[in-house]
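Working notes for the structure below.
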Protein chains: 4
Amino acid sequence: MAEIRVPFFDTDAMGVVHHANHFRYFEVARIHHLRARGVNYKDWTDKGFHLPLVESHCRYRRPARFEDLLEVSVKVSRQGVRFVFDYEMINKNTGELVATGYTHHVPVNDELKVIEPPQDLLDAMTKGENHG
Amino acid sequence: MAEIRVPFFDTDAMGVVHHANHFRYFEVARIHHLRARGVNYKDWTDKGFHLPLVESHCRYRRPARFEDLLEVSVKVSRQGVRFVFDYEMINKNTGELVATGYTHHVPVNDELKVIEPPQDLLDAMTKGENHG
Amino acid sequence: MAEIRVPFFDTDAMGVVHHANHFRYFEVARIHHLRARGVNYKDWTDKGFHLPLVESHCRYRRPARFEDLLEVSVKVSRQGVRFVFDYEMINKNTGELVATGYTHHVPVNDELKVIEPPQDLLDAMTKGENHG
Amino acid sequence: MAEIRVPFFDTDAMGVVHHANHFRYFEVARIHHLRARGVNYKDWTDKGFHLPLVESHCRYRRPARFEDLLEVSVKVSRQGVRFVFDYEMINKNTGELVATGYTHHVPVNDELKVIEPPQDLLDAMTKGENHG
């Protein structure tokens, strides 16, 4: 579970977190989730492996505001060539559900060609939470 | 149709537009689309009317890069209390489809309570492109 | 001292943190610094007190990259009506200096008129690091 | 002169453009300025030439808000190895000065080593406005 303290610069003139930022928080949670399972996304990208999005979705339940402490949990699964990440974003101060969403990813190389994913990514899907 | 020249700061270390920014481009296109039909979103917000997202979705077809000229077309319709905006993002240099997506919105007041939408918003849905 | 783990979305096509984001990290550090001294910036803004920038500066020493752990230290002082925050950004993995900078702020109300600052802000300048 | 229509997502909970975004607008204006003088920054980066910042500064005069039309003018000069860009940001609706600032840049290659700048960049400094 990744925790995010909402920074002021992520709010908009409605006084709430701008809706595009939820996908950034999903990204933070996704990379944190992988790291907690021994998958270092940065090492991957340095070796020419990437996991770009092919699809994204978010359902906004309650607004998040400056200084709110958000907790984002992640589940990962596979659908054919795609890796599917499902997210749930909770406001830790109130316990309220802020948002749910998903992102779909396809493993590619530096030339953006689809490739077989590394074994540690496949392993990460079957592991429980270690220290994340 | 809104045109967006991809700024350098919207790219990420993969060399392409980061996926959260597509929702920002959708927003630019949405506000442009409304303005072209006589709806001034800023006037609305000043009067305490807002159109926040309750749901968003994007399908990423091709990467967009620094300096690409993107064209985003918009269609608006209504589903119950929701306003549905559908987007198509084209790379004008190559003619390729970059992304498609949608956002769903619910009209609210300053206290985020659901309200009846202004008449000019309803009218905007039935108008053709004027000068946008 | 605030710690920031560089998110992927803050990098640009050069593979490094985009230069505008340093000012966001300064903001995170500034609010963290005040919080560690008993000043809750969010409470202020809810009461109609703000501390907007009138000037900002950054000297970029070394690039920061995805997943780098940055540590930003803050010093605050007063120059007339201005509050001056000085920042030093270190890469914790390498010990290298990433950036230095400053921001100048003037206390205002909701109508952006200059006002006297709250006492807790004045006190915060003379306190040592508590738990931040 | 580059024109920027302030997008909603660039505002913050104070209802004004967040201060980090001014450096993004400076970047848009800088690249526009070079393009108007025959310098294609994207072609440079593709050939392994970059112009990263070593220093940046902004003085905030008046807030900018959603939908404001900003005009940013640019002057470029040289100080030793540095290229110095000076900016002036005007609100076209009111004529008011919004911000002034500068950025200093050093020409580097893909490995971030300082190199001699291309001739077209040097030429660009002595040319008047063509079509920008």
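Taking the number of other C-beta atoms within 10 Å as the exposure measure, put A:Leu122, B:Leu51 in order starting with the fewest.
Least crowded to most crowded, the residues run A:Leu122, B:Leu51.
Taking the Cα centroid of region D:1-46 and of region B:34-69, what is the distance between the two, rounded to the nearest whole Å?
Centre-to-centre distance over Cα atoms comes out at 19 Å.
Where does helix B:21-35 land angle-wise versus the long Cα axis of chain B, in degrees 0 to 90, nearest 10?
Once rounded, one gets 50 degrees.
Starting from the Cα of C:Lys75, draw a straight line to each of the lysines and keep only those under 21 Å, dropping any in the same chain fewer than 8 residues away.
Candidates past the 8-residue exclusion: C:Lys42, C:Lys92, C:Lys127.
Where in region A:1-94 are there chymotrypsin sites (Phe, Trp or Tyr not before Pro) that are in a DSSP coil and have at most 16 other Cβ atoms within 10 angstrom of their Cβ?
When the chymotrypsin sites (Phe, Trp or Tyr not before Pro) of region A:1-94 are filtered for loop state and at most 16 Cβ neighbours within 10 Å, nothing remains.
Under 14 Å from the Cβ of A:Met14, count the other residues' Cβ atoms, weight Lys and Arg +1, Asp and Glu -1, and hand me the total.
Residues near A:Met14 contribute -2 overall.
Give me the dipole magnitude in Debye, nearest 20, for region A:1-63 about the Cα centre, with unit charges on the beta carbon: positive for Lys and Arg, negative for Asp and Glu.
220 debye
Please report the net charge: other residues with Cβ closer than 13 Å to the Cβ of C:Tyr41, K and R +1, D and E -1.
Neighbourhood net charge equals +1.
For label points placed 7 Å from Cα toward Cβ, what is the shortest-first list of nm distances from B:Val114 to its copies?
3.9, 4.8, 6.2
Could you compute the longest span of chain C free of GluC sites (Glu not before Pro) located in DSSP loops and having at most 15 other Cβ atoms within 10 Å, not counting the site residues?
C:1-95
At 222 nm, what helix-only mean residue ellipticity would chain A give, in deg cm²/dmol to the nearest 500, using -39500 (n - 2.57) for each DSSP H run of four or more?
-6000 deg cm²/dmol
How far apart are the A:Arg5 label points across copies, placing each 7 Å from Cα toward Cβ, in nm, shortest first?
Distances between equivalent label points, in nm: 1.5, 3.8, 3.9.
Where does the charge balance sit around A:Pro52 when Lys and Arg score +1, Asp and Glu -1, over other residues with C-beta under 14 Å from its C-beta?
+2
Every number here is computed from the coordinates shown, using simple stated rules; none is lab data. Since this is a predicted model, take the numbers as computed values, not measurements. Counting neighbours? That spans all protein chains shown, and the Cβs are built from the backbone with ideal geometry, glycine included.
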